[in-house]
1. Tell me the residue from 19, 67, 95, 86 that is under 16 Å from residue 141 (Cα atoms) and out of contact with any helix residue (DSSP H, G or I) (no Cβ under 8 Å at 6 or more places or on another chain), please.
2. Might you let me know whether the range 62-74 holds any residue that is without any contact (Cβ under 8 Å) to a residue 24 or more places away in the chain and more than 13 Å from residue 24 (Cβ to Cβ)?
């Protein structure tokens, strides 16, 4: 069995049920973390294997996800999120959504205080370097994602 991630009549991704369920569960985690809806939902009520992607909502989610990922300075968070974010970027690109390097800024900081600080700090936290690694990984993922 497999799942379908569709926009209209076009299938963007047709993963196995295991990979699809894992991706959907991670989407839920990052929706909560970012406080953004993903735009991924059931196409037909009662059909858990076919999901519709709302391109406008997913574009905001994917861009927010990339900005969050690129601005974190925490090596463990980067490692835990990289595979999911790369998969999400590959799916966005298949939907015709451009995801670019986020501009420098406070990112996921509130009031100048960063909630997840790593000691010692990670020298590999420059947004452009993280985005370049993410872009490479997303291109690899796209080759492995069946339609």
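The values are calculated or read from the model by the stated rules, or taken from the named source; none is laboratory data. Note that the coordinates shown come from a computational prediction; the quantities given were computed from them, not determined experimentally. Here the Cβ is made from the backbone with ideal geometry for all residues, glycine too, and neighbour counts use every protein chain on show.
1. On the way: 67 fails: under 16 Å from residue 141 (Cα atoms); 95 fails: out of contact with any helix residue (DSSP H, G or I) (no Cβ under 8 Å at 6 or more places or on another chain); 86 fails: out of contact with any helix residue (DSSP H, G or I) (no Cβ under 8 Å at 6 or more places or on another chain).
The unique qualifying residue is 19.
2. Within the range 62-74, the first condition is being without any contact (Cβ under 8 Å) to a residue 24 or more places away in the chain, and the residues that meet it are none.
Looking for residues that are without any contact (Cβ under 8 Å) to a residue 24 or more places away in the chain and more than 13 Å from residue 24 (Cβ to Cβ), one finds none in the range 62-74, hence no.
Every residue, every condition in (1) modelled with pLDDT of 95 or more; (2) touching a strand residue (DSSP E or B) at 6+ places or on another chain (Cβ under 9 Å); (3) under 18 Å from residue 83 (Cα atoms), yes or no:
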residue: 1; (1), (2), (3): no, yes, no
residue: 30; (1), (2), (3): yes, no, yes
residue: 34; (1), (2), (3): yes, no, yes
residue: 39; (1), (2), (3): yes, yes, no
residue: 44; (1), (2), (3): no, yes, no
residue: 50; (1), (2), (3): no, yes, no
residue: 64; (1), (2), (3): yes, no, yes
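One line per residue, one yes/no per condition, for (1) surrounded by 14 or more Cβ atoms within 10 Å (Cβ to Cβ); (2) within 18 Å of residue 131 (Cβ to Cβ):
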position	(1), (2)
18	no, no
43	yes, no
47	no, no
64	yes, yes
71	yes, yes
89	yes, yes
